[in-house]
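Trainee: Take a look at this one; I'll ask things after.
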Amino acid sequence: MRILQGFQLLLSWLALSSLKPLAAADSSYLTHGEGDGFKCAGIYGSSHESKGRRSTIEIVIPSVPSSNITIAIFDYSDSKWIGIPVRDGKRVPDAEAMKLDSYIGGSAGSGRDVNEGIQRFTICNNETISMGLCSASDIDRPLLNDHDDKGQPRTFKSVIYGDYLMLNRSGIGYTQLEHKQHSNDDDWNKQARMSIVDGATLEWSADGTLKINYYVNTTGFYCVDAVSLGDFIAHVEWINVDGLLPAGEYPKLYVYLALMIAYISIAIAWAFMSWRVWSEILPVQNQLLGLICLLAVDMGMNFGFWKYFNTKGAPSMVYSVFTLVIDAGRNSLSFFMLLVVSLGWGVVRPSLGKTMIRCILLAVVHFSAGCLYGAGLLFRDPHESGPLGLIYVIPLSMSLAMFYLWILSAIIATINLLVDRQQTFKLAMYNHLWRLLLVCLVMLFAFFVLNIIYTISYTRIEVAAWSWRWLWFWTDGWLNFEYFGALCVILYWWRPTLQNYRYSLEELASNEDEAAEREQAFAHDSFDNPQMGENLELDVLDATTATKKTTSISGDDVQFVISNDDDEEEEDNAVAAASKSNS
């Protein structure tokens, strides 16, 4: 029982993870405080503009509150060269510096202990000037270890922008790098202007607001570090060349587009196969076609949602609502079909009776719970805490647990029934379905564990630096691919063929020999034979109507009789002769 409860919790969590909050663009605020001025995010590089856009890190710093800020923008792979490690007043050799921890940010520049007897100085000040690590013209700028032991310039993966912003000076403010460019001009900082320094564009507005555009040429995990002795606030945004989606979310566009095309292709192929054997089609196969079409629409809506988001920078409410409803419908219909098949509908039992009504009611409840939870994510503040959130979670968790337990118990009961009837082909199919469910559960459990590990590890910057490109896989990729793979296996088993009778109520063999005879007899029928399947008679017979020339097997409420047209004709002739002699 504890194992079942554990699986219930697992599946509940997975259902909630499939209805995710809307993603926000890669943006953040930088403020004064330990670590509050250091933020990183992944971004795809571009060396030129595409559709009027270029990969950019945009920083906006208002003039109020006015403070002097030391700022650095760099690729995290170059972070080991931010700051210069010093031991006993001398620079540490590169071989030893490479073994030190990478720069994390938030250092005030007075010298930070990174190892026994070693300090890393990150800002040029009077102490570092006296040690010859920087010049007076660079005071208060970030300190870069930009030369190797031989004095040769070091090559970085991307240009490192390091500057000292003076927002509280006369005029509208300026930076240390700008001051170097205009050292002979006294009035250059009195007006709005645009300057280009170290791979960045600086735009000063008349009210003293500074906008920094740092152009990203190389794909990577870029960090912004801002340090000040006074209060300040700055907004930073990582803008990709391909649109306004966060870089880690952008592959979702291709994922949903590919899945939409795949489901449309499968729907067309399924419809064609169904048309070829239309007289032999099963109700379940028609429902599977409906599910495939719904999945194609679902993937198309998700693609449209992320496409709109990527273009406008914000989600569309119309797309959000429609995607929410279709996702909930897809999940409910999938569980419903799995449940009725597990109960043997159309395969072992011709009808589920009142049980079908209960299945439909459970699917409706699960659909309503899914819409309720999705609405909670869409309209409720994700940062709001309290017991109100349970209103959205509990109904979905309970309906999912009921589906899970009912499916498992139903498939076990159906397997036992097929064992008693010795219907080996159907039994093999249900055993395959049972194994598939177990494999899916194992993969879901692995996803649950790995996702927790990934979420916890992602808070470590060195992990985020190399794994940000796979963020889409953990939010949308794994579950969609697993669902697609499992569905393809089921569709392969249940594909429309000339042997559909094996899955229908017509398959009556009680042993292997009789099954072989049934299959051999069916092979002699032509594809368009109008007599195909017409010799199957469904009737309720008593013991007196059974003869040696008929084979009868009892079901739950009915008996299935396979008779022969020639035998029936002989019986009719015998009856006619007997009545003539009596007369």
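Trainee: How long, wide and thick is region 203-276, going by the Cα atoms along their three principal axes, in whole angstroms, largest first?
Mentor: 77, 26, 24
Trainee: So between M194 and S47, what do we pick up on full extension, going 0.36 nm a residue minus the alpha carbon distance?
Mentor: On the way: separation 147, 0.36 × 147 = 52.92 nm, distance 2.09 nm.
My answer for the length gained is 50.8 nm.
Trainee: Restricting attention to the alpha-carbon atoms of region 246-324, what are Rg (one decimal) and Dmax (integer), both in Å?
Mentor: Looking at region 246-324, its Cα Rg and Dmax stand at 15.9, 51 Å.
Trainee: Here's a follow-up. Could you rank I461, I233 by how accessible they are, 1.4 Å probe, largest area first?
Mentor: On the way: I461 30, I233 70 Å².
Result of the area sort, largest leading: I233, I461.
Trainee: Right, next: What list of ³J(HN,Hα) values in whole Hz, one per residue of region 281-288 in order, does the Karplus curve 6.51 cos²θ - 1.76 cosθ + 1.60 (θ = phi - 60°) give from phi, with Gly and Pro shown as x?
Mentor: 5, 9, x, 4, 5, 5, 5, 4
Trainee: Given contacts defined as C-alpha pairs under 8 Å and at least six residues apart, what's the relative contact order of region 248-377, whole-number percent? Intermediate results must be reported in sequence, preceding the final value.
Mentor: Working: 96 pairs, mean separation 31.9, N = 130.
Over region 248-377, the number comes to 25 percent.
Trainee: To the nearest 10 square angstrom, what accessible area does H366 show with a 1.4 Å probe?
Mentor: 10
Trainee: Working with all protein chains in place, sort D207, D75, D88 by solvent-accessible area computed with a 1.4 Å probe, largest first.
Mentor: Values: D207 100, D75 5, D88 140 Å².
Final ranking, largest accessible area leading: D88, D207, D75.
Trainee: Note down the relative contact order for region 127-272 as a percent, whole number, built from C-alpha pairs under 8 angstrom at least six residues apart. Don't jump to the answer; show the numbers that get you there.
Mentor: Working: 108 pairs, mean separation 17.7, N = 146.
Relative contact order for region 127-272 comes out at 12 percent.
Trainee: Binning at 5 angstrom from zero up to the longest distance, how are the C-alpha pair distances of region 120-275 distributed in percent?
Mentor: For region 120-275, the pair-distance distribution reads 1, 7, 12, 15, 15, 13, 10, 6, 4, 4, 3, 3, 3, 2, 2, 1, 0, 0.
Trainee: While we're here: Restricting the calculation to Cα positions, tell me the Rg (one decimal) and the Dmax (whole number) of region 394-484 in Å.
Mentor: Gyration radius and largest Cα-Cα distance of region 394-484: 18.7, 60 Å.
Trainee: Something else now. Amide H to amide H, which residues 5 or more places from G83 or on other chains are under 5 Å from it, using H placed in the peptide plane?
Mentor: L143, L144, N145
The values are calculated or read from the model by the stated rules, or taken from the named source; none is laboratory data. Quantities reported herein were computed from a predicted structural model and do not represent experimental measurements. In case anyone asks, the SASA skips ligands and DNA or RNA and just uses the protein heavy atoms, side chains included. Shrake-Rupley method; radii C 1.70, N 1.55, O 1.52, S 1.80 Å.
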